[in-house]
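Down below is the structure, laid out as structure tokens.
The values are calculated or read from the model by the stated rules, or taken from the named source; none is laboratory data. All figures in this text were calculated on a predicted structure; none of them were measured in a lab. What goes into the accessible areas is simple: the full protein's heavy atoms, side chains included, and nothing from ligands, DNA or RNA. Shrake-Rupley method; radii C 1.70, N 1.55, O 1.52, S 1.80 Å.
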Amino acid sequence: MPAARPARIPSQRDGVEETEAAGTTVDHLTETYRAHYRSLLGLAALLLDDTASCEDVVQEAFIRVHSARKRVRDPEKTLAYLRQTVVNLSRSALRRRILGLKLLSKPMPDMASAEEGAYDQLERRDLIKAMKGLQRRQREVLVLRYFADMTEAQVAETLGISLGSVKAYGSRGIAALRVAMETPA
């Protein structure tokens, strides 16, 4: 069977017929940015621990989706593509940070971001502290399920795991959060 090709939209320019690949338009991506930047920033904030990294991850996600917008054929999937990119870039940022900590002799001081006020609204210290104590997959499932308001099936697709795994990680993560939140600091 031949491979599927992207849909082509014919256009006329100076009497010469050209074709453009169908995909997410710049206008649609701009509207998605305006509507979902804060929610994606919040998603990154729950996976990472400092505002500057969260902002970098979300900006990089939009840059990557913009570069690949012709491949996102269904504009309705742009937000899902962005969420997946934010999760993947957050993982990469954490891996780079761990490697950096291994290579550095002393830790770098925390730098406050200009958007510290936006992060303060998202911050609930006890919950974030408890979330950091969870396993990576438990944290990812809970963030996507309850903060990003995704269904279990959407979480499974985003993380590339089975629906049963999403349920198991979610259940164990909630149980661990209950224990952590009940324990006085």
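Overview of results
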read-out: Accessible carbon and sulfur surface of the stretch 132-174 relative to its total accessible area, %, 1.4 Å; value: 45
read-out: Restraint check, Lys70/Lys167; Lys102/Lys132; Lys70/Lys132; Lys102/Lys167; Lys129/Lys167, Cα-Cα greater than 27 Å; value: Lys70/Lys167; Lys70/Lys132; Lys102/Lys167
read-out: Theoretical gain in end-to-end length, Ala168 to Asp126 [0.36 nm per residue, Cα-Cα removed]; value: 12.8 nm
